[in-house]
Each structure stands twice: as C-alpha cells, then as structure tokens.
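The values are calculated or read from the model by the stated rules, or taken from the named source; none is laboratory data. What you see is a predicted model, and the numbers here were worked out from it, not measured in a lab. The protein model used for the area step is the full one, side chains on, heavy atoms only, and it has no ligands, DNA or RNA in it. Shrake-Rupley method; radii C 1.70, N 1.55, O 1.52, S 1.80 Å.
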Amino acid sequence: MAILPIIETPDPRLKTVSTPVETIDDALRSFIQDMFDTMYDASGIGLAAIQVGLPKRILVIDLQDKDPETGAVVRAPHVFINPEVIKESEEVSVYSEGCLSVPDQYADVARPAVIKARWQDAQGKAHEAEFDGLMATCLQHEMDHLEGVLFIDHLSKLKRDMVLKKLAKARKMDA
Ligand code: NI
C-alpha cells in the first residue's frame, strides 16, 4: 500500500494526453492498488493515473455510496483501463464537480446524462456497459484527464478564473 502524491493545477503534466496501456501485469495491478489507496486517502471518488504522474489510460472510481439503512460507506471499486465512450445521450445532466487536482473547488458542469463505454479490467478482460447519474459524470470527468482536460476547462473563462483565484487564496491561507 502506498499513498502517492497528487499533482495539482497548474502543473503542466495535467495537460498530458495519456497513452494506451499495452501490458496489464502484476506491476500495473500494484500501481492500481496504490491509485485506490491514494483516492480513498484524499476522500475522492475518482482518480486518473496522470494525477499521480503516470501518463497511461487508467482510471479508478468508487462512488462510496452510503448504505441507506446503516449510513455506512459501501465501497464499490471500479478500474477502467483504456476506456472509450462509444455512445452518449443528447440529454445532459449538471453536477457540481470537484477534482483532487483542483482541491476544494467546485463548479457546475453539464455532460451527457447517459453514456455507453468500453474498457478493460485489471485482468485485461474487455467490458461494455451503460452508465447514468453520478457514475456517468464521474467516468466522463476522469476520461477527460486522459486527454489533459480538467473540469474547469469546461467553464467560461470568467468562471474558471474565479475558481483559480479562490484556489490561490485558499493555498495562501494554508501556507
Ligand atoms: Ni479530476
């Protein structure tokens, strides 16, 4: 188990277009475990490999829903290797998004409400499935990271500058 340092904006590495994974082996699986450890430690629901410095097309997601009866967090870890969107709805949904690379900042982003995706799991097996709700949003947010795109890149310049200003201010107060 290892907690990896998370790269934050404006680090230029976040603009990298990640390359496909060709070999899925034990070393990669161990790295994926580190990605989960890092995401849970940072209280995130998704993480792309580039956010911890590896420009490969790997995402981990766990929405960590609460059990409606006990209120306990239920972990449901998902790994997406070489994910692709193969279909998306015209209908959009808006979520207030955040990102571990833009710490503690949130803004509304509109994305297709339903997507169909294809990916490989940690054993190299191919999958295809449809996602909606927060899972669809989260998957699209994480897939953006593979293209070097952050959620703030979906905002108007005015809104993006506001978020970055708030982030700079929060960092100054932390320092
Ligand atoms: Ni993110």
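Taking every full run of DSSP H in the chain, the ones that stretch at least 24 Å from end to end by Cα along their long axis and average -1.0 or higher on the Kyte-Doolittle scale are 157-174. When nucleic acids and ligands are ignored and a 1.4 Å probe is applied, THR70 ends up with an accessible area of around 110 Å². Measuring only protein heavy atoms, the 1.4 Å probe finds ARG13 accessible over about 120 Å². Sequence-distant contacts, meaning Cα pairs under 8 Å at least 6 residues apart, place the relative contact order of region 12-174 at 23 percent.
With 28 Å as the limit on Cα-Cα distance, the pairs of LYS15/LYS165; LYS15/LYS87; LYS56/LYS172; LYS15/LYS166; LYS87/LYS125; LYS15/LYS172 that go past it are LYS56/LYS172.
Show that you can apply the helix-only estimate: for the chain, add -39,500 (n - 2.57) for every DSSP H stretch of four or more residues, divide by all residues, and state [θ] at 222 nm to the nearest 500. Intermediate values should be presented prior to the final figure.
Numbers: 3 runs with 48 residues, N = 175.
Helix-only estimate at 222 nm: -9000 deg cm²/dmol.
Ordering PHE151, PHE131 by accessible surface, largest first, gives PHE131, PHE151; the 1.4 Å probe counts only protein heavy atoms, with every chain in place.
Going by accessible area, probe 1.4 Å, with all protein chains left in place, what is the ranking of GLU97, GLU147, largest first?
Values: GLU97 10, GLU147 85 Å².
Reading off the accessible areas and sorting them downward yields GLU147, GLU97.
Note down, for region 113-171, the three equivalent ellipsoid semi-axes (square root of 5 times each alpha carbon gyration tensor eigenvalue), biggest first, whole angstrom.
Values: eigenvalues 188, 35, 17 Å².
So the equivalent ellipsoid measures 31, 13, 9 Å along its semi-axes.
Here HIS154 sits with roughly 90 square angstrom of accessible surface, probe radius 1.4 Å.
Using only Cα atoms, what Kirkwood radius does the chain have, in angstroms? Working shown, then result.
Values: mean 1/r = 0.0596 Å⁻¹.
Averaging 1/r across every pair of different Cα atoms and inverting gives 16.8 Å.
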